[in-house]
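> Structure incoming, see below.
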Amino acid sequence: MPRVRAPELPQDYLWLNTDKPLSIKQLKGRIIILDFWTYCCINCLHILPYLKYLERKYQDSLTVIGVHSAKFDNEQESENIRQAILRYDIEHAVLVDQGFRVWQEYAVRAWPTLMIIDPEGYVIHYVSGEGKREFLDQFIQQLIDQHREQGTINFQELSLTLEKQHQPLITPLAFPGKVLATNAGLFIADSGHHRIVMSNFDGGILHLIGTGESGFIDGGFHEVQFFAPQGMAFDGKTQILYVADTENHAVRQVDFKRQVVETIAGTGEQSRNIHPHGGVGLGTALNSPWDLVKVENTLFIAMAGPHQIWEMNLATGIIKTYAGTGAEACVDGSLIESTFAQPSGITTDGQELYIADSEVSSIRGVGVVEPYQVRTVCGSGELFGFGDVDGRGFDVRLQHCLGVEYIQNYIWVADTYNHKIKLVSPKTGNCQTVLGDGSVGLQDGQGKNSRFFEPSGLSAIASHLYISDTNNHAIRRVDLNTLEVTTLQFPGLCAPNVCVPV
């Protein structure tokens with residue numbers, strides 16, 4: 001593409017991960033990548049690891065700037081963006097792009113888009129979508145060589161003041177994604193600490209599984225490593241916990257009898273194949289498995305990356321697409337013609353799977369018995385059809401819902417970006433707010449007098465509902481008889497490397 005002078009970045013907008021705004025003029029002599037992203041977008045999250053790789057490899061000549069152009073209303077709030085920076089360990093400056101001003105000035109059309117600016121301040125290339133690490137690596141090296149010869153590159157490291165320096169993750173839980181209540185105890189995906197916590201229902205710690213460092217290592221409970229684990233399913237007979245190891249693109253099994261963790265599906269590399277396919281578990285690459293539910297001997301998986309529902313036969317080890325073409329949309333009908341949009345929560349009544357279909361802010365039903373149909377239970381079914389409206393069927397508006405739990409003929413929904421818990425009838429599609437007043441907070445109380453901060457996981461047992469209150473780094477407990485919300489305490493739990501658990 002021809003060289004175009006890069007529009008200057010607004011200095012009067014909010015900047016995060018830096019103590020002062022950055023400008024194209026001040027960064028003259030460096031290569032700049034503008035990453036246009038929004039923190040709900042699975043594709044945007046997928047490119048963060050290779051941006052970090054490039055930042056570290058070329059730290060003396062490359063500056064990455066995240067331009068956060070929000071898709072959902074909730075993503076426009078500066079504190080929510082700050083929490084996303086902490087959750088995903090983003091180490092470059094982030095500009096909060098109010099009203100899509102920078103997006104429009106750079107003529108961006110899709111998330112994610114990377115704009116490459118040369119050391120003389122010209123936009124010389126852009127790429128959209130995922131899977132461009134090798135190209136970018138080569139392109140940046142060529143730019144460095146070219147501008148070294150011309151004497152137009154300035155080699156020096158740029159120092160930033162990061163949000164994690166102001167707010168280190170030393171809470172006992174860090175951005176817990178999902179929670180699972182079972183007769184054996186409470187399992188918590190302590191996603192920000194890359195581990196699984198098992199406690200009793202009074203908060204007493206039974207097991208810590210994982211070192212607390214991100215990685216992909218099988219073995220004993222104290223040596224195993226996960227990378228931002230999310231959904232779980234438990235088999236009480238075999239004492240095996242299945243874990244969606246999201247950023248490792250794998251499914252792991254935790255064997256409590258042998259006290260070991262093993263990988264049963266995924267290669268550790270992200271699949272680029274969005275078309276329906278399958279194969280042997282350990283030989284099949286996966287793409288951001290986000291939640292799990294077990295039906296008899298089948299593990300169903302909300303596979304957020306390719307916008308599909310997958311199934312794994314636990315007897316044969318075969319894993320394959322169950323529903324969804326791979327297109328990001330909301331299409332009902334047969335399993336093979338249906339589409340989803342970043343499915344992130346899954347539960348079942350034994351007849352249907354119920355899906356939190358986050359990017360269309362809808363609850364979907366997927367048949368596991370004949371006639372094997374996909375339907376929209378409630379929500380608009382549109383990629384940009386979000387809001388906060390109770391009602392019935394297509395009149396309902398949710399905002400990036402991430403969690404679902406079926407109990408006693410109803411679906412509880414973590415309406416994540418509305419900071420509420422709602423109750424849906426799978427038969428009528430009626431949806432009503434039950435918990436939370438819609439304001440961000442950590443407030444116990446009854447019903448709508450409670451407050452949450454981007455809750456994303458739900459699980460019920462007996463007369464209690466447990467909520468993974470992600471941005472509050474907390475697990476909340478609800479008495480289903482009184483709707484009283486309390487915050488569960490874990491007196492023996494510490495952040496990794498902060499103290500030794502009692």
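> Rounded if a/c is under 1.5, else prolate if a/b beats b/c, else oblate: with a ≥ b ≥ c from the C-alpha gyration tensor eigenvalues square-rooted, which is the chain? Working shown, then result.
On the way: a/c = 1.58, a/b = 1.53, b/c = 1.03.
In terms of gyration-tensor shape, prolate.
> What FRET efficiency do you get for L480 and L206 if R0 is 35 Å and r is their Cβ-Cβ distance, rounded to the nearest 0.05?
Details: r = 24 Å, r/R0 = 0.68.
The formula returns an efficiency of 0.90 here.
> By how many nm would the segment from F139 to Q443 grow when fully extended, if each residue of separation counts as 0.36 nm and the alpha-carbon distance is taken off? It would help to have the intermediate numbers written out before the result.
Numbers: separation 304, 0.36 × 304 = 109.44 nm, distance 4.99 nm.
Residue separation times 0.36 nm, minus the Cα-Cα distance, leaves 104.5 nm.
> Could you work out the relative contact order of the chain? I mean the mean sequence separation of Cα pairs under 8 Å and 6+ apart, divided by the number of residues, in percent.
Values: 1379 pairs, mean separation 47.6, N = 502.
About 9 percent, as a whole number.
> How would you rank V280, V64, going from fewest to most other Cβ atoms within 10 Å of each one's own Cβ? Don't skip to the answer; put the middle values down first.
On the way: V280 11, V64 21.
Taking fewest neighbouring Cβ atoms as first place, the list is V280, V64.
> What ranking do 99-108, 412-421 get when scored by the average of other Cβ atoms within 10 Å per residue, highest first?
Going from most to least packed, we get 412-421, 99-108.
> With each run of n ≥ 4 DSSP H residues scored as -39500 (n - 2.57), what mean residue ellipticity at 222 nm is computed for the chain after dividing by its residue count and rounding to the nearest 500 deg cm²/dmol? Provide the component values of the computation, followed by the final result.
Working: 5 runs with 53 residues, N = 502.
Mean residue ellipticity, 222 nm, calculated: -3000 deg cm²/dmol.
> Tell me, in nm to one decimal, what length is gained between S78 and E223 on full extension, where the rule is 0.36 nm per residue of separation less the Cα-Cα distance?
Values: separation 145, 0.36 × 145 = 52.20 nm, distance 3.70 nm.
Contour length minus the Cα-Cα distance gives 48.5 nm.
> Using a cut-off of 28 Å between alpha-carbon atoms, which lysines can reach K422, once sequence neighbours fewer than 8 places away in the same chain are excluded?
Straight-line reach from K422, under 28 Å: K71, K178, K294, K448.
> Neighbour counts of other C-beta atoms within 10 Å: give me M232, M198 arranged from fewest to most. Intermediate values should be presented prior to the final figure.
Working: M232 26, M198 21.
Starting with the residue having the fewest Cβ neighbours, the order is M198, M232.
> Along the Cα-to-Cβ line of R392, 7 Å from the Cα, sits a label point; which residues in region 400-436 have backbone N less than 14 Å from it?
Once the point is set 7 Å along Cα→Cβ of R392, 425-432 turn out to lie under 14 Å by backbone N, inside region 400-436.
> Mind giving me the FRET efficiency for E269 and K132? R0 is 25 Å, r the Cβ-Cβ distance, nearest 0.05 is fine.
Values: r = 15 Å, r/R0 = 0.62.
After rounding, the FRET efficiency stands at 0.95.
> Could I ask something else about it? Order of H400, H207 from fewest to most other C-beta atoms within 10 Å? Don't skip to the end; give the middle numbers.
Details: H400 26, H207 17.
Fewest-to-most ranking of H400, H207: H207, H400.
> Starting from the Cα of K164, draw a straight line to each of the lysines and keep only those under 20 Å, dropping any in the same chain fewer than 8 residues away.
Result set, ordered by chain and number: K20, K52.
> Quick one: length gained pulling R258 to V498 fully straight, 0.36 nm per residue minus the C-alpha distance? Walk me through the numbers on the way to the answer.
Details: separation 240, 0.36 × 240 = 86.40 nm, distance 2.80 nm.
Between R258 and V498, full extension yields 83.6 nm more.
> Can you give the alpha-carbon Rg of region 362-502 over 2.2 N^0.38 Å, where N counts its residues?
On the way: Rg = 16.2 Å, N = 141, 2.2 N^0.38 = 14.4 Å.
Ratio of Rg to 2.2 N^0.38 Å for region 362-502: 1.12.
Since every read-out is calculated from the coordinates, none of them should be taken as a lab result. In this text the structure is predicted, and so the values were computed from the model without any measurement. Note that each Cβ is placed from the backbone with ideal geometry, even for glycine, and that neighbours are counted across all protein chains shown.
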